[in-house]
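Structure, as structure tokens:
The values are calculated or read from the model by the stated rules, or taken from the named source; none is laboratory data. Nothing here was measured: the structure is a model prediction, and the numbers come from that model. Cβ atoms come from the backbone with ideal geometry, glycine included; neighbour counts cover every protein chain shown. SASA here: full protein model, heavy atoms, side chains in, ligands and nucleic acids out. Shrake-Rupley method; radii C 1.70, N 1.55, O 1.52, S 1.80 Å.
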Amino acid sequence: MKRWLIVFLVLVAALVAGYYWATEPVRYMAPARADAAARDPFLAARTLLDGWQRPSRRVFSTRALFPLPATDTTLILDEYRGDLGRDRIQALLDWVAAGGTLIVAARPVYGDQDEDRERADPLLEGVGVHARRLPNENDDDDDPMATMLDRFQPMESLFLEYCLGSDDPEMQRQCERLTCEAPARAAPALTRDFDGTPRRLQILNNLVLLYSGAEGTRMAVLADNDQGLKLIGLNHGAGLITVVAGLDFWNNDHLHYFDHAWLLRRLTGDGPVWFVQGIDMPPLPLWLWEHAWPPMLALVLALALWLWRRLPRPGPLWQPPGRDTTDYLGHLRALGHFYWRTGQGEALLAPLRDAAWRRLALLHPDPERALALAAERLAMNENELRAALGPALKDRPGWTRQVAVLQRIRSRL
């Protein structure tokens, strides 16, 4: 038996060794759905801040942003925001003047006409900053070739074959540019205003900033490239407002390039950092309830009162009287059975005993003399009467005879 066990173990070891000798491990990649944290464009920046012992969070609404946090917090507002409202903008500027740090991405204004100024960002208007989008020479929006390619995606290969085989040199150059040339990028923005060292920032849009000056605000930092200003730092009271042409340099794909991580550490201070994304004015009903709930409540009450007075109110419904089918005798029997089943025979007997004693008291004031007179009139034994007037008996037949005697005393005397 022991020999067979050794042979079995040797065979298993040989099979395992043969498996690893005859096979080769292969690694493969399987698609997986990214979790909610991976869809955060600033996940890398927040992870870096956590490593620097600076807690960070994401804010998606004005209700979460207001009331504003302590002034040691850094607020980073992206460009996807609606009109915050005059009161909230003033509260935000007052918060910066009290020592807060605000980093805000500019929103573009197309053109520089007076009517276009109405679409400017009111938040940046308050500190004298405007944003303007430059025309992109590589923009394909007005290119007929690019438009045709976009509209006929299923026939793209056939169209490119015809285009590249054309005898027109201009058409061939356009096709080569569309299919082979990478779009040109603007040079990184350069600044020496932070510490005298050249710092480079890559902002990939065609947005430039214009500073016209504002009361109580002083320019401190500038970063520009061949397109124009890309970053403006303003001292506002005791705080700092940094306006950038975009926050792309802090997203997950660009944070590790140039001086982007250095700038994040330089501008965010030592306190918490809030990434405020996509905030907008609250819905109109919610805004009205927050700012005008007394008149709204009064209006609702007035409407309810008007409806109560106007709606017809029918009288009570008439119901025919029903027949009285109550069985009192059955109810009394059920009640007595319940008392006896629960050991409460004395409760049933006490009222009848009291009535019997009142009858005996009418015969004579002395109880003993009254019992003698009652026994004589009822033709019963005096001891039987005395036992019936005592405590309730526990057995059912005795208790029934006791009730019969007491009933006889009450009804015949």
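Where helices (runs of 4 or more DSSP H) fall wholly inside segment 252-314, the ranges with 3 or more residues that are open to solvent by 100 Å² or more (accessible area, probe 1.4 Å), hydrophobic (A, V, I, L, M, F, W, C) and free of Cβ contacts under 8 Å to residues at least 24 places away in the same chain are 293-310.
Evaluation of R412 against the conditions (1) loosely packed, with under 13 Cβ neighbours inside 10 Å; (2) at pLDDT 80 or above; (3) not acidic (D, E) shows that the sole unmet condition is (2). The residues on offer are A370, A361, A375, and the sole one that is over 28 Å from R333 (Cα atoms), open to solvent by 60 Å² or more (accessible area, probe 1.4 Å) and not in a loop (DSSP other than H, G, I, E, B) is A361. Applying the condition of being modelled with pLDDT of 85 or more and of a type in the set (V, I, T) to segment 10-62 and asking which residue is least open to solvent (accessible area, probe 1.4 Å) yields V59. Which count do you get for residues in segment 392-402 that are out of contact with any Gly (no Cβ under 7 Å at 6 or more places or on another chain) and open to solvent by 40 Å² or more (accessible area, probe 1.4 Å)? Residues flagged as out of contact with any Gly (no Cβ under 7 Å at 6 or more places or on another chain) and open to solvent by 40 Å² or more (accessible area, probe 1.4 Å) within segment 392-402 amount to 7.
Taking each residue of segment 327-343 that is within 16 Å of T400 (Cα to Cα) and looking for partners that are open to solvent by less than 100 Å² (accessible area, probe 1.4 Å) and not acidic (D, E) with beta-carbon atoms closer than 7 Å, six or more apart or interchain, yields G336/L348; Y339/G345; Y339/A347; Y339/L348. The set of residues in segment 167-196 being open to solvent by less than 70 Å² (accessible area, probe 1.4 Å) and either part of a helix (DSSP H, G or I) or modelled with pLDDT under 70 (or both) consists of M171, Q172, Q174, C175, L178, T179.
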